[in-house]
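One structure below.
The values are calculated or read from the model by the stated rules, or taken from the named source; none is laboratory data. This one's a predicted model, so the numbers in the text were calculated from it and none came from an experiment. All Cβ positions, even for glycine, are placed from backbone atoms using ideal geometry, and neighbour counts span all protein chains on display. Surface accessibility is based on the protein's heavy atoms, side chains included, excluding ligands, DNA and RNA. Shrake-Rupley method; radii C 1.70, N 1.55, O 1.52, S 1.80 Å.
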Amino acid sequence: MATIPQAAVPGFLRRPTATQGFVGWVTTIDHKKIGALYGVTAFIFFILGGVEALLIRLQLAQPNLDVLTADRYNQLFTMHGTTMVFLVVMPMSSAFMNFLLPLQIGARDVAFPRLNALSYWVFLFGGLFLYSSLFFGGAPNQGWYGYAPLTTKLYTPGHGVDFWALSLQMLGIASLASSFNFIVTALNMRAPGMTLLRMPVFSWMTIVVSFLLITAVPPISVALFEVSFDRFFGTNFFNVAKGGDPILWQHLFWLFGHPEVYILILPAMGIVSEILPAMSGKPLFGYAVVVFSGVAIGFMGWGVWAHHMFVVGLGPAANAAFATSTMLIAVPTGVKIFNWIGTMWGGQLRFAAPAKFAIGFVAMFIIGGLSGVTHAVAPADTQQNDTYYIIAHFHYVLFGGAIFGLFGGIYYWWPKFTGKMLNEGIGTLHFWLLLIGFNLTFGPMHVVGLNGQLRRTFTYAEGTGWDTWNLVETIGAFVIAVAVLAFIYNVIITMRSRVRAPHDPWDARTLEWLTASPPPEHNFDEIPVVHARDEFWHRKYSEDESGRAVPRPDYQPQTAAVVQHAHGSGHGIHMPSPSYFPLVTALGLPIMASGLMMKDSYGYAGWGTIAVGAVVLLTGIYGWCLEPVAEE
Amino acid sequence: MSTRHEQAAPEVHQEHAHPGPRTYVEIAVALAVLTTLEVILSYINVNDFARGLGIMICMTLKFALVVMWFMHLRFDNRLFTVMFVGGLTLAVAVFIAVLSIQRAIFA
Amino acid sequence: MAVHTTTGGHEATTSTGLDNRKLFMWLFLGSDCLFFGSLIATYLMYRGRDEALGKPGPHPAEVFDIPYTSASSFILLMSSLTMVLALSAIQRGDVRRLRIWLLATSLLGLTFLGGQAYEFTAFVHEGLTLRTNLFGSSFFVLTGFHGAHVAVGVLMLLSITVLASQGRIRQQDSMTVELAGLYWHFVDIVWILIFALIYLLP
Ligand SMILES: [Cu+2]
């Protein structure tokens, strides 16, 4: 990677050359470093969202507590929901996609490395922008799906909703950019022989999720523009006095919101589909079925949005249609569950931490899926709507599902990311505490929900019969907190340890394990030629007549490669150079958004700030387009 | 799926037979005629349904002409068509559903 | 098996044989269908509601000037022709014609934008603003976003024109022009929809 300093170019516009240190990180376009940035940032937001949840649980531990005011409570549940969906599960999944997709398909990087960096910075600024609302008159307090007309200036006069809408707009841009990037990468950057049906399931789910994002983000983007125009420029989209229709928001939001559910869960399903075969010592049972049911879920996910609107009164025809489509979508989901069980069946299952989390995922997701089918039934849903039963359902899917899957992925790929193994004992403790805490917290919510406890209500009366269950839920929430602390402790002691992970700790099957851990900047010294699905496994084993795996005598683990890289092999491979411009471009957006919020109180200063933001944005874009991809 | 793309690959590398400037001018004339027809339709006094249908047909034809000829989708790899028509079909289907649900409620 | 990525570098060909940037552009356009779909659906959902609810006008029938908008629609349609001629010029390696046609396209685009600015001003004079009624809100936001797309397109075309006059767009760089062209035609087809669905349909 020889780069020649451009003496002619002045000051800050000079092409960055550092690959280490602060400048190295802010200008990086290496998909692995960007993945790491996504992961660390998402984990910090996970802690913030978790603390918000603990405060909510403290307030609800007993009837009539006043740990929090009603308004603070509203802010906390809004921030908790928005954080966990947009700033934790999505970017954490994105961390895995960034890191793994090029490695799994045998590529040196994504198709557009600088665009990838832009996605991260826009995501980071979007998240920081949302949280900066705490210092400017309070966080948004209208709930994570921001129903109109509650989001109009009449009902929420502060800046909270402004922060929320503009921040989600930025997060949408980040998701769009990375999704275009991942689709092009997966279609166009595959190694020789890596046909689509040889791609690992996680890569497949990355494609499906990316397609869902590029189609689902535009409707919410328009909805957010409409609500922002109502607030900033006085349009009437959701102004009931002028005939504005709150149902418009619900349609546009859930057109995004339901595909979003699959955007959150499919990456975790992909992760589990990688972990279970490796840990069972067997290929994935029914690979093609798993892939196609994933694709089917993606398609069908577009035809069910109005099941979130059963209580609106869309009429019996619409309700019946959406109830039916919702029940049907359980079919491909159920198919996947059978495939995972079939994978474990008859395998030599090793119960290491990744397997524990993956199995936990399958079990908890079944519970969440079943309660989901109960609210596909429109009449039942009118009873369950807005109660804790719904909260229980989607936490079983998004926490018991997505978060368990993601933790499983962290344990499984940690040696790939860092070259070290997370501690197995603490991992086991982490898993059991998390499983117990999770079920204590969200299990009882089924009961109190069916008994009528409403979500988004900051307290409840004595004598409802909910007290004990709520106390149990609060205790459970703190058990989850302890579990997460155990995980953090595990990470710290692992980082301090000097013990290197074995090259192939899980007897893995896919290409990312072919190269060194952590992989060199250019991923593979030589792009592998792929001959089979589970290419890496086939390089290690052949099969005898009875189909049993026999280690190949000629297989050499590539530990030598690690040493080689340390001495700078991979010369002659041209990787794209680092760049400041993704960061500069991304910086323009929060500046413009702040200007928009200042314009009502500060007039010209606000418009001036918008102009400054636009100039920064354009500087970034033009600098980007005019600089070559790589310095020669 | 994969095999189809890979088989399709070589032909993309050759300069595919792009229509020449003459064809483009002809398309533009067709677009102009269709636009005129649209505008005339919007003025004449027939029943609303027939007029609406006529305008929609002109609109669809114009749309298809630009996409297929000016954007070369007719001559280009099928994958591009899948990407674009996929998004388009989804948008049309979903918003027809939204509008018919809303029309039913509002009426 | 066709040609494949062998290095991350320049001589790389892709798994599908298709250009990365072109694939990106078509994906973006597919996604943008949903964006304009949402805006158009909003307009259609609110169409006629001001009248039905007895809200004050102006209503569409009172402000739309069909001959005027037909003229500006025609201008945008013709800019698609000049755009495709620009692409065809650079594919033959004719940089001079490329610059002429790009400039023509940009000017037609700017004329369209000027026409839109004039139309908006005229509507404001007749008492229709973003705040007046549902029609005002949904009309201005839909056509405004379309206009913003046109403006971005003009900026792109002018930038390419400048690059071309510096000799930085050569025959082998025709993909840059092709991508800008795809975007430009897309903006045009969105206007085809808007013109028919919003202006002409009763
Ligand atoms: Cu849903």
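I'd like the full set of residues that are closer than 15 Å to C:SER79 by Cβ and facing chain B (nearest Cβ under 10 Å), limited to region C:170-182.
Within region C:170-182, C:GLY181, C:LEU182 qualify.
Only residues that are more than 8 Å from chain B (Cβ to nearest Cβ), in contact (Cβ under 8 Å) with a residue 12 or more places away in the chain and among the acidic types (Asp, Glu): list them for region C:22-77, please. Hits for region C:22-77 are C:ASP50, C:GLU62, C:ASP65. A:PRO246 - would you say it is more than 16 Å from the ligand (Cβ to nearest atom), over 23 Å from the mean Cα position of the chain (by Cα) and either away from chain C (no Cβ under 14 Å) or farther than 25 Å from A:LEU314 by Cβ (or both)? For A:PRO246, the condition - more than 16 Å from the ligand (Cβ to nearest atom), over 23 Å from the mean Cα position of the chain (by Cα) and either away from chain C (no Cβ under 14 Å) or farther than 25 Å from A:LEU314 by Cβ (or both) - is not met. Within region C:157-171, restricting attention to residues that are assigned to a helix (DSSP H, G or I) and in contact with a Ser or Thr (Cβ under 9 Å, 6 or more places away or on another chain), the residue that is most open to solvent (accessible area, probe 1.4 Å) is C:LEU158. Contact map, region A:243-271: residues that are touching a residue at least 12 places away in the same chain (Cβ under 8 Å) paired with residues that are within 14 Å of the ligand (Cβ to nearest atom) and hydroxyl-bearing (Ser, Thr, Tyr), Cβ distance under 7 Å, separation 6+ or inter-chain. Pairs shown: A:PHE253/A:TYR145; A:GLY257/A:TYR145. Selection of region A:273-308 for residues being out of contact with any Lys or Arg (no Cβ under 9 Å at 6 or more places or on another chain), away from chain B (no Cβ under 14 Å) and either within 16 Å of the ligand (Cβ to nearest atom) or assigned to a helix (DSSP H, G or I) (or both) yields A:ILE275, A:ALA296. Of the residues making up region A:22-44, those that are over 17 Å from A:MET97 (Cβ atoms) and either among the aliphatic types (A, V, I, L, M) or buried (at least 18 other Cβ atoms within 10 Å of the Cβ) (or both) are A:VAL23, A:VAL26, A:THR27, A:ILE44.
On the basis of being more than 15 Å from the ligand (Cβ to nearest atom), farther than 22 Å from A:LEU196 by Cβ and over 23 Å from the mean Cα position of the chain (by Cα), does A:ALA317 make the cut? Yes, satisfied. Selection of first residues in region A:218-233 that are more than 7 Å from every other protein chain (Cβ to nearest Cβ) and in contact (Cβ under 8 Å) with a residue 60 or more places away in the chain and of second residues that are open to solvent by 10 Å² or more (accessible area, probe 1.4 Å) and acidic (Asp, Glu), restricted to Cβ pairs under 8 Å at least 6 apart or on distinct chains, gives the following pairs, ordered by first then second residue: A:PHE232/A:ASP600. Residues that are more than 9 Å from chain C (Cβ to nearest Cβ) and open to solvent by less than 20 Å² (accessible area, probe 1.4 Å) number at least 2 in none of the helices (runs of 4 or more DSSP H) confined to region B:17-107. Among the residues that make up region C:182-198, is at least one of them open to solvent by less than 20 Å² (accessible area, probe 1.4 Å), closer than 30 Å to B:VAL39 by Cα and of a type in the set (Gly, Ala, Ser)? Yes, because at least one residue in region C:182-198 is open to solvent by less than 20 Å² (accessible area, probe 1.4 Å), closer than 30 Å to B:VAL39 by Cα and of a type in the set (Gly, Ala, Ser). Does region C:101-116 contain any residue that is under 14 Å from C:SER72 (Cβ atoms), of a type in the set (Ser, Thr, Tyr) and open to solvent by 10 Å² or more (accessible area, probe 1.4 Å)? Yes, some residue in region C:101-116 is under 14 Å from C:SER72 (Cβ atoms), of a type in the set (Ser, Thr, Tyr) and open to solvent by 10 Å² or more (accessible area, probe 1.4 Å).
For first residues located in region A:484-497 and part of a loop (DSSP other than H, G, I, E, B), partners that are open to solvent by 30 Å² or more (accessible area, probe 1.4 Å) and lie 6+ apart or on another chain with Cβ distances below 7 Å form the pairs A:SER497/A:LYS420.
Taken residue by residue, region A:193-209 has at least one member that is within 16 Å of the ligand (Cβ to nearest atom), more than 9 Å from chain C (Cβ to nearest Cβ) and open to solvent by less than 10 Å² (accessible area, probe 1.4 Å). Residue under question is A:GLY603, and the condition is that it be within 14 Å of chain C (Cβ to nearest Cβ) and not basic (Lys, Arg); does it hold? So A:GLY603 does not fit the description; no.
Look at A:ILE265 and say whether it is within 14 Å of chain C (Cβ to nearest Cβ), open to solvent by less than 30 Å² (accessible area, probe 1.4 Å), among the β-branched types (Val, Ile, Thr) and within 16 Å of the ligand (Cβ to nearest atom). Judged against the criteria, A:ILE265 is not a match.
Based on what the data block shows, is A:GLY257 out of contact with any strand residue (DSSP E or B) (no Cβ under 7 Å at 6 or more places or on another chain) and within 16 Å of the ligand (Cβ to nearest atom)?
yes
Of all residues in region A:320-329, those being surrounded by 22 or more Cβ atoms within 10 Å (Cβ to Cβ) and either away from the ligand (no atom under 14 Å from the Cβ) or closer than 22 Å to A:VAL209 by Cβ (or both) number 2.
Would you check if there is a residue in region A:330-346 being within 16 Å of the ligand (Cβ to nearest atom) and either aliphatic (A, V, I, L, M) or more than 26 Å from A:PRO283 (Cβ to Cβ) (or both)? Checking region A:330-346: at least one residue is within 16 Å of the ligand (Cβ to nearest atom) and either aliphatic (A, V, I, L, M) or more than 26 Å from A:PRO283 (Cβ to Cβ) (or both). For region A:276-284, state whether one or more residues are open to solvent by less than 10 Å² (accessible area, probe 1.4 Å) and under 27 Å from A:ASP245 (Cβ atoms). Among the residues of region A:276-284, not one is open to solvent by less than 10 Å² (accessible area, probe 1.4 Å) and under 27 Å from A:ASP245 (Cβ atoms), which makes the answer no.
Residue by residue, here is whether (1) open to solvent by 10 Å² or more (accessible area, probe 1.4 Å); (2) more than 14 Å from chain C (Cβ to nearest Cβ); (3) not aliphatic (A, V, I, L, M) holds:
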| position | (1), (2), (3) |
| --- | --- |
| A:ALA107 | no, no, no |
| A:SER119 | no, no, yes |
| A:SER132 | yes, yes, yes |
| A:PHE135 | yes, yes, yes |
| A:VAL161 | no, yes, no |
| A:SER167 | no, yes, yes |
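If the condition is being among the acidic types (Asp, Glu) and either in a loop (DSSP other than H, G, I, E, B) or farther than 22 Å from A:SER280 by Cβ (or both), then region A:501-535 contributes A:ASP504, A:ASP507, A:GLU521, A:ASP525, A:GLU526, A:ASP534. Considering only residues in region C:45-65 that are surrounded by 17 or more Cβ atoms within 10 Å (Cβ to Cβ) and of a type in the set (D, E, K, R), the one that is nearest to C:LEU197 (Cα to Cα) turns out to be C:ARG47. Can you pull out every residue in region C:124-156 that is within 19 Å of A:PHE229 (Cα to Cα), of a type in the set (A, V, I, L, M, F, W, C) and open to solvent by less than 40 Å² (accessible area, probe 1.4 Å)? Those that are within 19 Å of A:PHE229 (Cα to Cα), of a type in the set (A, V, I, L, M, F, W, C) and open to solvent by less than 40 Å² (accessible area, probe 1.4 Å): C:LEU128, C:LEU134, C:PHE135, C:PHE139, C:PHE140, C:VAL141, C:LEU142, C:PHE145.
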